[in-house]
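Enquirer: I'd like to ask you about the structure that follows.
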């Protein structure tokens, strides 16, 4: 493979990541609505810990577990921010 074909593959993966990130955010918003109806907090540290542990256990590399946690922390932070915006009516 040459550099251009590798970059094209990365672009395809980036497109898929974008679709997945937005689909995940939509699901997080649904959970946010349920939490709001039930009077639950947006932040659930035990759930986040389970996600990190599950992702580390499923991680085949080459990214190390610390990188995986940092990536998922960011994804979860953005989902939480979106949930808070929606529950405040922003």
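Enquirer: Name, by its number, the condition in (1) touching a helix residue (DSSP H, G or I) at 6+ places or on another chain (Cβ under 8 Å); (2) outside any loop (DSSP other than H, G, I, E, B); (3) modelled with pLDDT of 95 or more; (4) surrounded by fewer than 14 Cβ atoms within 10 Å (Cβ to Cβ) that does not hold for residue 49.
Expert: Of the numbered conditions (1) touching a helix residue (DSSP H, G or I) at 6+ places or on another chain (Cβ under 8 Å); (2) outside any loop (DSSP other than H, G, I, E, B); (3) modelled with pLDDT of 95 or more; (4) surrounded by fewer than 14 Cβ atoms within 10 Å (Cβ to Cβ), the odd one out for residue 49 is (1).
Enquirer: Would you point out which residue out of 23, 67, 28, 58 is out of contact with any helix residue (DSSP H, G or I) (no Cβ under 7 Å at 6 or more places or on another chain) and closer than 26 Å to residue 87 by Cα?
Expert: Numbers: 67 fails: closer than 26 Å to residue 87 by Cα; 28 fails: out of contact with any helix residue (DSSP H, G or I) (no Cβ under 7 Å at 6 or more places or on another chain); 58 fails: closer than 26 Å to residue 87 by Cα.
Answer to the selection: 23.
Enquirer: Residue by residue through the range 58-90, note down the ones that are farther than 13 Å from residue 32 by Cβ and either touching a strand residue (DSSP E or B) at 6+ places or on another chain (Cβ under 6 Å) or assigned to a loop (DSSP other than H, G, I, E, B) (or both).
Expert: Just the residues of the range 58-90 that are farther than 13 Å from residue 32 by Cβ, to begin with: 58-75, 77.
Listed by number, the residues that qualify are 59, 60, 61, 62, 63, 64.
Enquirer: Can I ask one more? Between residues in the range 39-53 that are on the phi < 0 side of the Ramachandran plot and touching a residue at least 40 places away in the same chain (Cβ under 8 Å) and residues that are part of a helix (DSSP H, G or I) and loosely packed, with under 12 Cβ neighbours inside 10 Å, which pairs lie under 7 Å by C-beta distance while being six or more apart or on different chains?
Expert: none
The values are calculated or read from the model by the stated rules, or taken from the named source; none is laboratory data. Here the structure is a predicted model, which is why all the values come from computation and not from measurement. All Cβ positions, even for glycine, are placed from backbone atoms using ideal geometry, and neighbour counts span all protein chains on display.
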